[in-house]
1. Rounded to the nearest 0.05, what FRET efficiency do Ala770 and Thr1148 give with R0 = 30 Å and r taken as the Cβ-Cβ distance? Could you check?
2. Would you mind calculating the gained length between Ser264 and Ala1008 on full extension (0.36 nm times residue separation, minus the Cα-Cα distance), in nm to one decimal?
3. Tell me whether segment 892-950 comes out rounded, prolate or oblate; compute the Cα gyration tensor, take square roots of the eigenvalues as a ≥ b ≥ c, and use a/c under 1.5 as the rounded threshold.
4. In segment 969-1066, which trypsin sites (Lys or Arg not before Pro) fall in coil by DSSP and have 14 or fewer other Cβ atoms within 10 Å?
5. Take every DSSP beta bridge whose two residues both sit in the chain, then give the antiparallel share in percent to the nearest 5.
6. What full-extension length gain, to one decimal in nm, is calculated for Ser113 and Lys887 as 0.36 nm per residue of separation minus the Cα-Cα distance?
7. Give Lys376/Lys767; Lys12/Lys104; Lys104/Lys1135 a once-over and call out the pairs whose C-alpha atoms are over 23 Å from each other.
8. Amide H to amide H, which residues 5 or more places from Phe1128 or on other chains are under 5 Å from it, using H placed in the peptide plane?
Amino acid sequence: MRLTSIRLAGFKSFVDPATLALNSNLTGVVGPNGCGKSNVIDAVRWVTGESSARQLRGEALEDVIFNGSKARKPVGRASVELKFDNSDATLTGQYGAFSEISVKRELSRDGGSRYYINGTKSRRRDVIDLFLGTGLGGRSNYAVIEQGAVNRLIEAKPEDMRQVLEEAAGISKYKERRRETENRMRHTRENLDRLNDLIGEVTQRLGVLKRQAANAEKYKQFKAEERRLRAELLALRWAAENEKVEVAEGRLRASEHELREAISTQRSAQQARAAEAESQQKAMGAVQTQQAAFYDAQAQASRIAQALAHAKEMRELRERERDELVERRDALAKRIAEDEHAEHDTVSAAEAIATEHDEAQRALTQAREALDGAEKAAREAESAWDAHNSAEQNPVQQLDAERRRARYAEERVQQLGARRDKRRGERDKLDDEDTGDLAAGARDIESRAGQLAEDEKTAANQAESDDALRAAINDAEADVEARRTQLGETRARLASERQLQQSVLREDDATLAQWLADNAQTEAAGVARRVKVRGPWQTAAEAVLGPWLRGFVVERLPALAGDWPSESLTLVESGPADPVGAARGPADTPSLAEGIEAPAVIAALAARVFVVDDLAAALEYRHELTEDQRFVTLDGCCIGPHSLVTPAAGSAEQGVLEREQRIETLAVQIDAEQAELDSLQETLDGQREQRDERREQRRALEQRIAQARRELEAARAEQQGREIRAEQLARRRKELDNELADLENQITEAAGEFERLSAQVTALEDKAEAFSAARREAQAQLAESRAARDAARKAYAQAERALREIETRSEQNRSRAESIAQRLADTRDARSDVETRLAGFDDDSAASDKEATPAPDESEHEQALEAQHRAERELRAARESLKASEKALDEASQRQMQAEQGVETAREGLQQAKIDVETTRVRRAGIAEQIEELGETPAALVANLEDGATIETRTAAIETIERKIQRLGAINLAAIEEYDAEAERERYLGEQHADLSEALETLETAIARIDRETRARFKATYEQVNERFAGMFPELFGGGEAALELTEDDWLVTGIRVMARPPGKRNASIQMLSGGEKALTAVALLFALFELNPAPFCMLDEIDAPLDDANVSRFCELVRRMSAQVQFIVITHNKLTMSLAEQLHGVTMAEPGVSRLVSVDIDQALDMAG
């Protein structure tokens, strides 16, 4: 696999599309500094996935887009494309079947970065994965070595050097897979933890749902039985309502007969009123006739007055119009005189401008001739100056070059002297440097270790105390949770009681609530909630007030028109009522009203009921009761003078007052439990605050311990550093002594070179002076001719500008003359029109005066007023006659109204009878609808009822079922389905747990396999690279030794350190080598890597810069030998390296800021040269 071309467009200085064809394995890229050669390296790094702007020598990624120059605008997009020949199938996988592979990257200024592989849009990850293991993978690639990267390669940290070897070994892709596998393992373990939590929650919830499902099944059975009993109860109520319908229909027929008699009386009254109405209409007609005559007389008088006023107004209007026309005629005459004067001025100005134009044209011709002469003289002076500057032998330049060399030689002497002085100073400082008291450092370390042990013991004691506090908090939390559970249960009981109470009181009946809302009774409340019973009289009160308790208290009874709700409804006004006396009953028995608080209507009912202890007492004194009085026993038995009603078995409807009392008790209990819970919570919060304070103390102690440990480690490291420093000082003194001796020899050589160059400078100074004098004379002539040319150009420009100004003025004067002529014509036309209108106006005024109808005079106006007064008197008399007729009509209307009231009364009776019939029918129909909603028919249910079935027996049975349902508590009807769903979910989660566990085992096996293969490959690669590196280093240096060293024993984590010792040196580290030695060492390591795993290409950016000619020759020889297997692209300034290349690409910057490519094939060039 090899790189065939690089195409750049808009990338950095390559604004125009440029293609770098790579047809040889030895390609050189040359050009002056700053022309853009290194941009080629940046382009390759960028297209292979580099995302760091700093690595591309920029501050932001957008810096790679051409940002413009003096002559060019910025572009909006940059693109780079690499084309590879993969005919040898080096790349495998998805793109292994392609013989040519194209990788392209585009970036726009809006931040959009796109990658393409073979024209298909791809991800950055795909591009990186494509090159993993080829030497181009990510940051650890060794195929692209830019400026400065040579030293970074061998001075890299051990872990960074390991990454380079991993890329050479082709295991970087395995590491990427291992990292991805570890991420999947971590996610799998997290999923397992969450799954275990979910399984625990589901298992716990299944137990709760199982109990709730059992209760739900019982609830369904009880509700089915309750529906059957309610259907039979509704059937009994339907039969009772059917009897009431028949009675109401009889009353309706009687009301209809009464209405017919009232209607007959009403008709007689209507006939009498009609006669009076006819008389009243005749009187009304007379009034209208007289009123019309009055209006006519009044209108005639008004018209005469208006005619007199109009005639006067028209005379004044004609006079104003004529005055306006005279004023406009005078103004137009004045404007015509002004325009005629302006027209004469424009003619004079046009003659003067024509004279100026001729003079300006002659001046422009003269200036043009002078300019042509000056241009010719300037070109001749520039030719003389260019000929002088193009002289091949330039003594001034030679003098400058020799002076620079002499200055460089002098500076080198000074630099060497300064370096010698610096090394002497460093040598003196080394003698004075004190590495410190090693024994004192050891004592300090021992003291710090003792203090750290004490702090760790304190931390252990505090941890025991924290455990005790944590246990107390756990107990408090359990207690709070228990109280919270108890409060929740109490609230649930209260909610259940309230729900049952609302059901009994029908407060949750949506139909009933809607009816109350429609009748403006939204504030209605249950009667039971307004009745308060004192003492043990609750059962007695419910026995007496039972039907009333299910009613509603309203502010005022609504005005109803028969639109009753579908079931029986009791409404009680809460407004003020007459106080009811609480009189005692027979045998001084107390009234029920003494023991209750209720609305006035309820209190009045209770006042006629007396409470006795037992049935025997009631039976003994019942003969003393009046017909509207009753006894009630404490157990709810009601006794009248001739009646006895025993209490029914316990039911939901009978326990209304007791339930209301329980609701109030539970509300108080909830407040108490809430207060207790708040107290426990406050105690728990205090313990938690104490725990948090101790936690902060423990954290501070741990931080102090950690700080002490760090300080101890730092002290140990410092002690170790002092020991190492002592060894380094001794070694450094010896190195400085050798370097000082070498510097003395170099200073002697540099001083001799400086003396030789100074003599050459003296010899060239006379030649340079003569050459400079001739050059100054030519320069003076050039400046004089250019000044004359500039003056001529300026004079020509001024003459041309003056001519243009005169032409502009001429055009403006012509336009003004045309405008004045047009305005003058328009003004004259307007004046003629005004004069014509003025003459016509005078003629029309005279004709109008002759033809006008004579205006009425004042006598006619007075006659019209007299006729108006006469008509007014006649109208007043007609109105008096109308008033008498209206009085008679009112009396007839009164008699008719009385008859209509009789009819209305009869109709109200009939309506009430209809309402009664409709009410009973609606109730019957409502009960029938309820029965039909249960899937039954009233007739069938009544026929199937057993003999002796009553409403009371069915009510008692329903109450029994309701108590059973109530004892079940809160019911979750969805529990059955939820239980099945949760059981299915538990099974599914179990399967998921098994799948995740199996997946985790598979991933762990994959990790182990990847680790084994990584160890084997890395070990083999390390040994092969180390062997090649050790053989190639002496070849480049002519001796010496080099090797790679491991920092760890584990092949999976060990780092790599480079060790190199040139011939005759015993350096301790790679940092002690010179720049050239580092470069050669890096070349040896780089080529060792390429021998093992050649990358598709090798790009070297001025890697030969620090090498001398001898080392460059060795470097070139090695490159030439390896080019048989490796494609080299070398950026260089060295002529020896350039001679190595088979194809040269020159990068130029003829246009500032814009790079261009010039390619030369060396073999073709030699063939053309012959």
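Just so you know, all these numbers are worked out from the coordinates, no wet-lab data involved. In this text the structure is predicted, and so the values were computed from the model without any measurement. As a convention, Cβ positions derive from the backbone with ideal geometry for all residues, glycine included, and neighbour counts pool all protein chains shown.
1. Details: r = 36 Å, r/R0 = 1.22.
Using R0 = 30 Å, I get an efficiency of 0.25.
2. Numbers: separation 744, 0.36 × 744 = 267.84 nm, distance 11.52 nm.
The Ser264-Ala1008 span can extend by a further 256.3 nm.
3. Numbers: a/c = 7.74, a/b = 3.87, b/c = 2.00.
Prolate, because a/c is 1.5 or more and a/b exceeds b/c.
4. Numbers: sites: Arg985, Arg987, Arg1009, Arg1012, Arg1015, Arg1017, Lys1019, Arg1028, Arg1057, Lys1065, Arg1066; in loops: Lys1065, Arg1066.
Within segment 969-1066, the qualifying trypsin sites (Lys or Arg not before Pro) (loop, at most 14 other Cβ atoms within 10 Å) are Lys1065, Arg1066.
5. Details: 53 of 74 bridges.
Around 70 percent of the beta bridges assigned by DSSP in the chain are antiparallel ones.
6. Values: separation 774, 0.36 × 774 = 278.64 nm, distance 10.27 nm.
Going from the current span to full extension adds 268.4 nm.
7. On the way: Lys376/Lys767 33 Å; Lys12/Lys104 16 Å; Lys104/Lys1135 33 Å.
Beyond 23 Å between Cα atoms: Lys376/Lys767; Lys104/Lys1135.
8. Leu26, Thr27, Cys1098
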